[in-house]
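> The structure under discussion is supplied below as structure tokens; questions concerning it will follow.
Just so it is clear, none of the values below were taken in a lab; they were calculated from the coordinates. Keep in mind it's a predicted model, so treat the numbers as computed, not measured. Here the Cβ positions follow ideal geometry from the backbone for every residue, glycine too, while neighbour counts run over all protein chains shown.
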Amino acid sequence: METELARRIVAGLREAGIGFVSYLPETRLSQILPLMREDPSFMLVPVANESEGVSIAAGAALGGRPAAVYMEGSGVYVSSYNLLVIGKRLGVPMLLIVAHYGSLMDRRNSFLYAAPGLHLPGNLESLNIPYEVLEDGQHLENKIKGAVQLMHAIKQPVALLFTGDFTV
Amino acid sequence: MNRYECFEFLAPLIKDELIVGSLSGQRVEWGHLSQHEGNLLVACMGGALGIGIGLALVLPNRKVLVFESDGSMLLSLYNLPTLGSLQPSNLAVFVFDNEIYSGTRISEPTATAGKTDLAAVARDCGIAQSTTVRDLNSFQREAKAALEQNSLRFVVCKVDQTTGHRQIRRSNEDLSEHKYRFVRYLERTESKEIFRGRG
């Protein structure tokens, strides 16, 4: 991903009011991590498993700090139970920042990624988690802002799936 | 020692602490003994400790107590290295370990009935104040220390297998109502807006 896109994602998150990010690092969007780490707007929490990324972000959100979970697409599978029972059933707003590996527009796609990537939208739909696929920087800030506004409105998780130019 | 008598001791001591609980009998028993608005009994396996960590990180001036069970803790062991790395000094974890999956109603043993020592696991993940208690006096000592001291604490409480919670009438409060009560309590006592009408 171009440095400028990473900078715009981070600025977009900050402008949308996200103040807490739990994460399990991955390849495609990893340039956002050092930018968030040096930005005092964000409390950045590394986790060992995306399930706890979801539960820790939920605690932060319930404590009053709008929260996001940054993960690879595989993390949605790993954290599905917590997304369902904490995110959906208890009802906690959180933004899922997902590197959509294995998708049609993933520039790093391979046999390793394609199967989980292609099933990811269906997985989110089965959880009834609203999502938007982003392929380039067009309207990036507005899409982040809209997703955060939606998560607060419905008090449930909302996902942004990054592919295309974000996976270079 | 049984869990209910531990809760009977602890419930009257709670003032403005936040309590995050997991599932099963402990949720029923604590909910019966404590109507504290700072209770967040999330009713899921493997989620309470993570939520407690998140609350402790964003509310560093607030004491957070997490009630876990052995089954729930075993399902979410990934929390322990994270907790050992973060070291939130305002968090205390109590694992009520009856060495069975009591929800199965057939007393299927958990790994803690065998060789797994959760306190040792926690200690090796960097949680220095990690211990196991096996009697009520020891529990009372740890509970008081957790409330009075500002340091990360992980206490495995070996408790009897009991079924008393099955005799307790369940609350009519649903999870959504429970969550809003907790959040409105926090908004009031922390003087900040948490849930927004508008995004």
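> If you place +1 on the Cβ of every Lys and Arg and -1 on the Cβ of every Asp and Glu, how big does the dipole about the Cα centre of the protein assembly as shown come out, in debye to the nearest 20?
About 640 debye.
> Peptides B:5-18, B:169-182, A:5-18, B:35-48: what's the order by average Cβ count within 10 Å, highest mean first?
Peptide ranking by packing, descending: B:35-48, A:5-18, B:5-18, B:169-182.
> While we're looking at this one, here's another question. Evaluate peptide B:75-86: per residue, the Cβ atoms of other protein chains within 10 Å of its Cβ; return the mean as an integer.
4
> Would you mind calculating the relative contact order of the range A:81-125 from Cα pairs under 8 angstrom and at least 6 residues apart, reporting the percent as a whole number? Mind showing how you got there, number by number?
On the way: 26 pairs, mean separation 11.2, N = 45.
In percent, rounded to a whole number, it is 25.
> Starting from the Cα coordinates of the protein assembly as shown, work out the convex hull volume and express it per residue in Å³. Don't jump to the answer; show the numbers that get you there.
Numbers: hull volume 49.4 nm³, N = 367.
Hull volume over Cα atoms, normalised by residue count, gives 135 Å³.
> Sticking with this structure for a sec: Taking 8 Å as the Cα distance limit and 6 or more residues as the minimum spacing, I'd like the relative contact order of chain B as a percentage.
RCO, chain B: 23 percent.
> Just to be sure I follow: if Rg is taken over the C-alpha atoms of the range A:3-163 and Rh is the Kirkwood radius over the same atoms, what is Rg/Rh?
Values: Rg = 14.1 Å, Rh = 15.2 Å.
Dividing the radius of gyration by the Kirkwood radius yields 0.92.
> Here is a follow-up. Mind checking the range A:118-163 for trypsin sites (Lys or Arg not before Pro) that DSSP puts in a loop (not H, G, I, E or B) and that have at most 10 other Cβ atoms within 10 Å?
none
> To continue, here is another question. Looking at the range A:26-71, which GluC sites (Glu not before Pro) are DSSP coil and have at most 14 other C-beta atoms within 10 Å of their C-beta?
On the way: sites: A:E26, A:E38, A:E50, A:E52; in loops: A:E26, A:E38.
Answer by residue number: A:E38.
> Another question, if that's okay. Give me the percent relative contact order of the range A:1-154, please, defined on Cα pairs under 8 angstrom at least 6 residues apart. Each step should come with its number before you reach the end.
Details: 234 pairs, mean separation 39.1, N = 154.
The normalised contact order for the range A:1-154 reaches 25 percent.
> Could you name the lysines in cross-link range of B:K179, using Cα to Cα under 22 Å and dropping any fewer than eight places away on the same chain?
Here the lysines satisfying the reach criterion relative to B:K179 are A:K88, A:K155, B:K15, B:K63, B:K192.
> Hand me the trypsin sites (Lys or Arg not before Pro) from the range B:68-125 located in a DSSP loop with no more than 11 other Cβ atoms within 10 Å, in residue order please.
B:R105, B:K115
> Suppose every Lys and Arg Cβ carries +1 and every Asp and Glu Cβ carries -1, with no other charges. What dipole size does chain A come out with about its Cα centre, to the nearest 20 debye?
So the dipole magnitude of chain A works out to roughly 420 debye.
> Continuing with the same structure: Can you give the average number of partner chain beta-carbon atoms within 10 Å of each beta-carbon in peptide A:88-95, as a whole number? Walk me through the intermediate numbers first.
Numbers: counts 0, 6, 10, 5, 6, 4, 0, 0.
Mean shielding by partner chains, rounded to a whole number: 4.
> Write down the percent of antiparallel bridges among all DSSP beta bridges whose residues are both part of the range A:3-163, to the nearest 5.
0 percent
> Within 10 Å of each Cβ in B:39-49, how many Cβ atoms from other chains are there, averaged over the peptide?
On the way: counts 0, 4, 0, 9, 4, 8, 3, 8, 12, 3, 4.
Partner Cβ neighbours, averaged per residue: 5.
> Still on this model: Please list log₁₀ I(q)/I(0) at q = 0.13, 0.15, 0.28 Å⁻¹ for the range B:20-80, using the Debye equation with identical point scatterers on the alpha-carbon positions.
After summing over all Cα pairs, the log10 values are -0.32, -0.42, -1.19.
> Moving on to the next point. Debye sum, Cα scatterers, the range B:3-190, no solvent: what log₁₀ I/I(0) at q = 0.11 1/Å?
Reported log10 I(q)/I(0), two decimals: -0.43.
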